[in-house]
1. Distances over 12 Å make up what percent of all Cα-Cα pairs in region 34-83?
2. Modelled label-to-label distance, VAL32 and PHE68, 7 Å Cα→beta-carbon offset: nm?
Amino acid sequence: MIDRTDLSKIIASKGDNPLIISTVNLQSQEDVELEQKLGELKFKQELRKDWILFIVRDVVIFPAAILFIFAISGYSLFAQIHR
């Protein structure tokens, strides 16, 4: 079994030169480039999704709803006039 000690005890036992644990990210340049490309692809996908939602909602659904309202009100007015 591995003997585990508390990190604070290790630091305290070092005296004047405490143990410093580096949290530097050691990613390679290829990993950084791939992560940037992934971020760009996610951004483009979100932008494309936003445009599709805009087209469906603002170009198709709202005008169709307005035309439907005009058709119903026109029919109602036509029915009132011809009574």
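1. Working: 892 of 1225 pairs.
That tail contains 73 percent of the Cα-Cα pairs.
2. In this crude label model, VAL32 to PHE68 measures out at 5.4 nm.
Since every read-out is calculated from the coordinates, none of them should be taken as a lab result. Since the model is a prediction, treat every value here as computed from it, not as a measurement. Glycine gets a Cβ as well: all are built from the backbone with ideal geometry, and neighbour counts include every protein chain shown.
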